[in-house]
Amino acid sequence: MAELIVALDFDDAIEALGMAGTLRGHVSWLKVGLELFIREGPRVIHSLKGLGFKVFLDLKLHDIPNTVKGAALAAAASGADMMTLHLWGGERMCRAAVEAMADREQRPLLMGVTVLTSLAEGELPGTSMPLADLAKLLAADASAWGMNGIVCSGHEVQEIKKAHPELLCLTPGIRLAGAGGDDQRRVMTPALAVRNGSDFLVVGRPITRAEQPAAVADAIQADMLSA
């Protein structure tokens with residue numbers, strides 16, 4: 001069954017933990033992104049784990065292989081249950097992270113970022129390839145390099161799952177029907193994303209900026225179950 005991950009897109013732990021308290025009992029997964037992690041560090045992960053949540057650490061690592069290996073180990077030690085790295089970093093970088101997890105009893109899921117859902121056709125520098133085709137090529141690499149899954153738009157999931165059923169697919173850019181897309185370009189409803197094969201759906205501001213965040217989270221999960 002697909003799971004909802006709520007993105008804690010806040011710039012300090014007080015707000016993030018307050019929202020976590022509001023969502024406790026409604027969702028199992030929370031996302032810590034770049035802004036919150038830079039400001040608060042691993043302690044925010046420890047706090048969320050203490051509240052009983054699973055934590056998705058979304059830092060989109062992209063550096064030389066040895067640096068990414070060390071960062072992946074540090075993320076695992078912090079208690080993260082899932083983390084991201086850019087597939088654009090190449091095979092040696094991705095394999096370094098995979099190999100770093102090999103001897104750990106608790107291994108976070110390693111998810112490779114294909115193409116950001118904030119990008120529209122023609123906006124990615126250096127290539128004119130259609131974004132869906134590029135995502136499919138990168139998904140094949142992720143499978144070959146030993147990644148647990150990928151991050152991609154819901155529009156690409158169906159074909160990727162057909163070619164690589166072993167890959168978990170995490171889908172941002174999720175919005176209920178009729179909702180705005182914010183800075184996301186390639187959006188999709190929860191039900192359609194699940195029907196296409198997404199395993200994790202990430203939603204941030206539509207939940208965390210709502211008057212009743214828990215009610216919106218419940219509504220999204222109900223839409224997911226209707227798929």
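The values are calculated or read from the model by the stated rules, or taken from the named source; none is laboratory data. As the structure is a prediction and not an experimental result, all values here were calculated from the model. Positions of Cβ are generated from backbone atoms using ideal geometry, with glycine treated the same way; all protein chains shown enter the neighbour counts. The area values use the complete protein model at the heavy-atom level, side chains included, leaving out ligands, DNA and RNA. Shrake-Rupley method; radii C 1.70, N 1.55, O 1.52, S 1.80 Å.
Given the condition without any contact (Cβ under 8 Å) to a residue 12 or more places away in the chain and surrounded by 13 or more Cβ atoms within 10 Å (Cβ to Cβ), answer yes or no: does some residue in the stretch 162-181 qualify?
yes
Restricting to the stretch 207-227, name every residue that is open to solvent by 20 Å² or more (accessible area, probe 1.4 Å) and under 22 Å from Met1 (Cα atoms).
Ala215, Val216, Asp218, Ala219, Gln221, Ala222, Asp223, Leu225, Ser226, Ala227
Conditions: (1) open to solvent by less than 10 Å² (accessible area, probe 1.4 Å); (2) more than 16 Å from Lys31 (Cβ to Cβ); (3) touching an Asp or Glu at 6+ places or on another chain (Cβ under 9 Å). Ala97 meets all but one. Number of the miss?
Just one mismatch for Ala97, condition (3).
What is the residue count in the stretch 196-215 for residues that are of a type outside the set (S, T, N, Q) and over 22 Å from Ser118 (Cα atoms)?
So the count comes out to 4.
So Met111 passes all but one of these: (1) exposed (fewer than 14 other Cβ atoms within 10 Å of the Cβ); (2) under 22 Å from Ile64 (Cα atoms); (3) not basic (Lys, Arg). Which condition number does it fail?
Unmet condition: (1).
Among the residues of the stretch 73-113, count how many are at pLDDT below 95 and of a type in the set (Ser, Thr, Tyr).
Of the residues in that region, 0 qualify.
Which of the following residues is farther than 21 Å from Gly89 by Cβ, modelled with pLDDT of 95 or more and in contact with a His (Cβ under 6 Å, 6 or more places away or on another chain): Ala214, Ala210?
Within the list Ala214, Ala210, the selection yields Ala214.
Mind listing whichever residues of the stretch 45-74 are among the polar types (S, T, N, Q), closer than 14 Å to Leu85 by Cβ and out of contact with any strand residue (DSSP E or B) (no Cβ under 9 Å at 6 or more places or on another chain)?
Asn66
When the stretch 131-155 is examined, which residues are found to be of a type outside the set (Asp, Glu), open to solvent by 50 Å² or more (accessible area, probe 1.4 Å) and closer than 23 Å to Leu201 by Cα?
Lys136, Leu137, Asn148, His155
In the stretch 114-130, which residues are open to solvent by 60 Å² or more (accessible area, probe 1.4 Å) and among the hydroxyl-bearing types (Ser, Thr, Tyr)?
Ser128
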